[in-house]
Amino acid sequence: MKAKDIIGDYQFFIKDLLEQVKSIGIDIEDYCIDHLCYRVSSIEEYAEMKDKLMVISQRYIENIHHDRPIAKFILKEPLSCDGYLISMIELPGPQEHVFFNSGLEHLEMVVGNNFKNFKERYNNAWNGFDDSGLHNQPVYVNLSKNRKVKFHEYSLEEVLKMEKRKFIETNQAD
(Lines give C-alpha, C1' and ligand atoms only; values in the text may rest on other atoms or scores of the structure.)
Protein backbone atom coordinates (compact mmCIF):
# COMPACT_ATOMS: atom_id res chain seq x y z
CA MET A 1 0.00 0.00 0.00
CA LYS A 2 1.27 3.47 -0.89
CA ALA A 3 0.69 6.81 0.83
CA LYS A 4 -1.47 8.04 -2.06
CA ASP A 5 -3.77 5.02 -1.58
CA ILE A 6 -4.23 5.98 2.07
CA ILE A 7 -4.34 9.80 2.16
CA GLY A 8 -5.33 10.61 -1.42
CA ASP A 9 -3.67 12.82 -4.01
CA TYR A 10 -1.25 14.60 -1.71
CA GLN A 11 0.69 16.09 -4.64
CA PHE A 12 -2.37 17.95 -5.91
CA PHE A 13 -3.17 19.02 -2.34
CA ILE A 14 0.35 20.40 -1.76
CA LYS A 15 0.56 22.19 -5.11
CA ASP A 16 -2.88 23.75 -4.59
CA LEU A 17 -2.09 25.07 -1.10
CA LEU A 18 1.35 26.39 -2.07
CA GLU A 19 -0.10 28.22 -5.07
CA GLN A 20 -2.76 29.81 -2.86
CA VAL A 21 -0.13 30.92 -0.32
CA LYS A 22 2.03 32.42 -3.08
CA SER A 23 -1.00 34.18 -4.59
CA ILE A 24 -1.56 36.14 -1.38
CA GLY A 25 2.06 37.27 -1.43
CA ILE A 26 3.78 35.04 1.11
CA ASP A 27 7.29 34.08 -0.03
CA ILE A 28 7.83 30.43 0.91
CA GLU A 29 10.81 29.60 -1.30
CA ASP A 30 13.26 29.09 1.58
CA TYR A 31 11.03 26.96 3.79
CA CYS A 32 10.47 23.21 3.97
CA ILE A 33 7.16 21.44 4.40
CA ASP A 34 7.35 19.79 7.79
CA HIS A 35 4.23 17.64 7.68
CA LEU A 36 0.74 17.11 6.33
CA CYS A 37 -2.36 16.84 8.51
CA TYR A 38 -5.06 14.29 7.71
CA ARG A 39 -8.38 14.87 9.51
CA VAL A 40 -11.02 12.27 10.30
CA SER A 41 -14.66 12.67 11.22
CA SER A 42 -15.01 9.90 13.83
CA ILE A 43 -12.98 8.04 16.43
CA GLU A 44 -13.63 4.82 14.49
CA GLU A 45 -12.14 6.37 11.37
CA TYR A 46 -9.20 7.60 13.48
CA ALA A 47 -8.45 3.99 14.53
CA GLU A 48 -8.76 2.74 10.93
CA MET A 49 -6.53 5.50 9.53
CA LYS A 50 -3.99 4.98 12.30
CA ASP A 51 -3.71 1.30 11.35
CA LYS A 52 -3.27 2.18 7.66
CA LEU A 53 -0.62 4.82 8.37
CA MET A 54 1.31 2.37 10.56
CA VAL A 55 1.90 0.20 7.48
CA ILE A 56 3.81 2.97 5.65
CA SER A 57 5.55 4.34 8.75
CA GLN A 58 8.72 3.44 10.58
CA ARG A 59 7.93 5.29 13.83
CA TYR A 60 4.98 7.01 15.48
CA ILE A 61 3.98 8.87 18.59
CA GLU A 62 0.52 9.30 20.07
CA ASN A 63 -0.70 11.53 22.87
CA ILE A 64 -3.76 13.43 24.05
CA HIS A 65 -3.99 17.03 22.85
CA HIS A 66 -7.08 19.24 23.32
CA ASP A 67 -8.96 16.28 24.84
CA ARG A 68 -8.52 13.93 21.91
CA PRO A 69 -5.86 11.52 20.62
CA ILE A 70 -3.37 12.75 18.06
CA ALA A 71 -0.76 10.63 16.30
CA LYS A 72 2.28 11.62 14.28
CA PHE A 73 3.90 9.20 11.86
CA ILE A 74 7.45 9.22 10.46
CA LEU A 75 7.12 7.64 7.04
CA LYS A 76 9.34 4.88 5.69
CA GLU A 77 9.58 6.82 2.42
CA PRO A 78 9.12 10.60 2.41
CA LEU A 79 6.39 12.03 0.24
CA SER A 80 7.82 13.93 -2.71
CA CYS A 81 6.29 16.91 -4.49
CA ASP A 82 7.96 19.67 -6.51
CA GLY A 83 11.29 19.34 -4.69
CA TYR A 84 9.74 19.06 -1.23
CA LEU A 85 10.26 15.91 0.83
CA ILE A 86 7.73 15.39 3.62
CA SER A 87 8.51 12.67 6.13
CA MET A 88 5.66 13.14 8.63
CA ILE A 89 1.88 12.86 8.68
CA GLU A 90 -0.18 14.12 11.60
CA LEU A 91 -3.49 12.42 12.43
CA PRO A 92 -5.63 14.25 15.00
CA GLY A 93 -8.65 12.47 16.38
CA PRO A 94 -11.97 14.29 16.20
CA GLN A 95 -12.86 16.84 18.86
CA GLU A 96 -16.22 16.70 20.55
CA HIS A 97 -18.75 19.04 18.89
CA VAL A 98 -16.31 19.92 16.07
CA PHE A 99 -16.85 18.34 12.66
CA PHE A 100 -14.19 17.93 9.98
CA ASN A 101 -14.55 16.29 6.62
CA SER A 102 -12.14 13.41 6.31
CA GLY A 103 -9.06 14.08 4.22
CA LEU A 104 -5.98 16.23 4.00
CA GLU A 105 -6.69 19.51 5.80
CA HIS A 106 -3.47 21.48 6.17
CA LEU A 107 0.26 21.48 5.73
CA GLU A 108 2.85 23.04 7.99
CA MET A 109 6.09 24.78 7.04
CA VAL A 110 9.19 25.49 9.13
CA VAL A 111 10.52 29.05 9.01
CA GLY A 112 13.35 28.61 11.52
CA ASN A 113 15.26 31.41 13.21
CA ASN A 114 13.55 34.10 11.12
CA PHE A 115 10.13 33.20 12.53
CA LYS A 116 9.59 36.46 14.44
CA ASN A 117 10.51 38.60 11.41
CA PHE A 118 8.45 36.34 9.15
CA LYS A 119 5.36 36.77 11.36
CA GLU A 120 5.79 40.55 11.38
CA ARG A 121 6.47 40.77 7.62
CA TYR A 122 3.19 39.03 6.75
CA ASN A 123 1.19 40.21 9.77
CA ASN A 124 -1.81 41.20 7.63
CA ALA A 125 -2.05 37.72 6.09
CA TRP A 126 -2.56 35.72 9.28
CA ASN A 127 -6.02 34.45 10.16
CA GLY A 128 -4.83 33.31 13.57
CA PHE A 129 -2.32 31.43 15.66
CA ASP A 130 -2.33 28.18 17.61
CA ASP A 131 -1.16 27.73 21.16
CA SER A 132 0.24 24.22 20.98
CA GLY A 133 2.69 24.43 23.84
CA LEU A 134 5.79 26.32 24.86
CA HIS A 135 7.79 25.49 21.72
CA ASN A 136 4.96 25.43 19.20
CA GLN A 137 3.16 28.71 18.47
CA PRO A 138 2.40 28.63 14.73
CA VAL A 139 0.59 31.26 12.71
CA TYR A 140 -1.72 30.24 9.89
CA VAL A 141 -3.57 31.42 6.85
CA ASN A 142 -6.98 30.01 5.91
CA LEU A 143 -7.39 28.99 2.29
CA SER A 144 -10.19 27.65 0.10
CA LYS A 145 -12.06 24.43 0.92
CA ASN A 146 -11.47 24.88 4.69
CA ARG A 147 -7.77 24.22 4.24
CA LYS A 148 -4.86 26.11 5.74
CA VAL A 149 -1.10 26.45 5.83
CA LYS A 150 0.64 26.86 9.18
CA PHE A 151 4.10 28.29 9.77
CA HIS A 152 6.38 27.30 12.68
CA GLU A 153 9.73 28.22 14.11
CA TYR A 154 10.64 24.57 14.73
CA SER A 155 9.75 21.29 13.04
CA LEU A 156 7.21 19.13 14.82
CA GLU A 157 9.88 16.49 15.38
CA GLU A 158 12.13 19.12 17.05
CA VAL A 159 9.22 20.25 19.25
CA LEU A 160 8.54 16.67 20.32
CA LYS A 161 12.22 16.23 21.24
CA MET A 162 12.14 19.49 23.26
CA GLU A 163 9.09 18.11 25.07
CA LYS A 164 11.04 14.89 25.74
CA ARG A 165 8.55 12.76 23.82
CA LYS A 166 9.81 9.61 22.14
CA PHE A 167 8.71 7.91 18.95
CA ILE A 168 7.88 4.20 18.99
CA GLU A 169 8.99 1.81 16.25
CA THR A 170 6.02 0.54 14.25
CA ASN A 171 7.47 -2.96 13.67
CA GLN A 172 5.62 -3.10 10.38
CA ALA A 173 7.15 -5.41 7.75
CA ASP A 174 7.85 -3.96 4.31
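The values are calculated or read from the model by the stated rules, or taken from the named source; none is laboratory data. No experiment lies behind these values; they were computed from the predicted model shown. With ideal geometry, Cβ positions are generated from the backbone for all residues, glycine too; neighbour counts draw on all protein chains shown.
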Considering every residue within the stretch 151-166, establish whether at least one is in contact (Cβ under 8 Å) with a residue 12 or more places away in the chain and exposed (fewer than 12 other Cβ atoms within 10 Å of the Cβ).
yes
Report yes if some residue within the stretch 85-106 is within 17 Å of the chain's Cα centre (by Cα), loosely packed, with under 13 Cβ neighbours inside 10 Å and of a type in the set (A, V, I, L, M, F, W, C); otherwise report no.
yes
Going through the stretch 137-170 one residue at a time, which ones are of a type in the set (Val, Ile, Thr) and within 16 Å of the chain's Cα centre (by Cα)?
139, 141, 149, 159
Would you tally the residues in the stretch 114-140 being of a type in the set (A, V, I, L, M, F, W, C), modelled with pLDDT of 90 or more and closer than 19 Å to residue 92 by Cβ?
1
Go through the stretch 7-66 and give me each residue that's farther than 22 Å from residue 168 by Cα, acidic (Asp, Glu), at pLDDT below 95 and surrounded by 13 or more Cβ atoms within 10 Å (Cβ to Cβ).
none
Restricted to the stretch 93-111, and to residues that are over 22 Å from residue 16 (Cα atoms) and in contact with a helix residue (DSSP H, G or I) (Cβ under 9 Å, 6 or more places away or on another chain), which residue is modelled with the highest pLDDT?
93
